[in-house]
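*Asks:* Sharing a structure with you now.
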Amino acid sequence: MMAPMQKPEDRAPQLAYSEALGHGLADRRIAVLRHIGEGGSISQAARAVGVSYKAAWQALDTLTNLAGVPLVERLVGGAGGGGARLTDAGRQLLAAAHALEAARSAALARIAPATGGQALGGLAVRTSMRNQWPCVVRAVQVHGPLVQVQLQGDGAAAQALAVRARITRESAELLGLAPGLPVQALCKATAVRAVALGRGEAPPSANAWAGRVTRIARGAAGDEVSAQLDAGVQMVGFAEAGSGLRSRGRVQLSVDESAVVLAVAPGSVG
């Protein structure tokens with residue numbers, strides 16, 4: 001007799017390796033998971049990685065969402081008063097992470113002599129965000145649960161670029177942000193506002209940059225504006241429909257600090 005067809009909802013969820021490991025390992029999520037496996041404690045893992053207990057839980061929640069299956073289970077009671085241990089999926093994910101890191105290190109070791117080791121970290125980030133700039137952290141200022149990160153463009157063509165990002169304290173901990181750390185600053189084109197910049201007008205200093213329009217695509221919902229910033233980088237944003245902006249015209253592009261996303265290349269932090 002043929003076995004009844006299994007319904008989709010009856011199938012056990014599968015571990016999504018590509019989702020859990022395809023977003024970079026440098027934000028310490030994998031390190032938190034590894035220390036839980038070694039010590040059986042989330043609080044000990046947080047101390048070992050150098051983040052708060054809350055940030056460690058954020059790391060686990062994010063990894064679990066990406067993996068699609070539980071990675072850690074809580075243990076209640078017992079002589080030690082409970083703890084945590086990895087599930088089978090958690091152990092499998094750690095093994096895959098170690099294999100990926102070993103393969104990455106081997107590949108970079110082969111490539112680095114030919115490239116000087118430059119401009120490789122940013123290639124690890126795949127995203128729909130069209131605005132991406134290599135930067136270096138200049139300062140990290142904590143304001144309660146939020147952190148303002150001040151960035152400076154990295155590279156000769158972008159050193160005049162100054163960017164600010166506002167993220168949560170837990171995210172800053174998991175990324176290991178500190179002055180001098182290389183990062184990628186990213187933001188969606190739809191989050192960038194473009195307005196005409198009149199003669200002699202200077203844009204504000206915080207996340208507003210002057211430049212010159214290189215391309216413009218007009219649409220009923222808004223005009224897409226590509227520009228070469230005076231700071232030496234390319235940027236894409238949107239102006240209101242009928243903005244009157246023209247190619248080679250002066251433009252100001254601005255973005256809110258909370259719309260700037262930070263990414264750290266694998267291997268940049270411990």
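*Asks:* Residues with beta-carbon under 13 Å from that of Arg215, excluding Arg215: net charge, scoring Lys, Arg +1 and Asp, Glu -1?
*Replies:* +3
*Asks:* If I model a spin label at Arg91 and Ala196 as a point 7 Å from the Cα along the Cα→Cβ vector, what separation in nanometres do I get?
*Replies:* With each label placed 7 Å out from Cα toward Cβ, I get 6.8 nm.
*Asks:* Find the centroid of the Cα atoms in the range 217-242 and in the range 44-71, then give the distance between the two in whole Å.
*Replies:* 38
*Asks:* Right, here's the next one. Which of the three applies to the range 130-254, rounded, prolate or oblate, going by the alpha-carbon gyration tensor with a ≥ b ≥ c and a/c under 1.5 meaning rounded?
*Replies:* It comes out prolate by the Cα gyration axes.
No lab work stands behind these numbers, since they all come straight from the coordinates. The model shown is predicted, which means the values in this text are computed figures rather than measured ones. Heads up, the Cβs are rebuilt from the backbone with ideal geometry, glycines too, and the neighbour counts pull from every protein chain shown.
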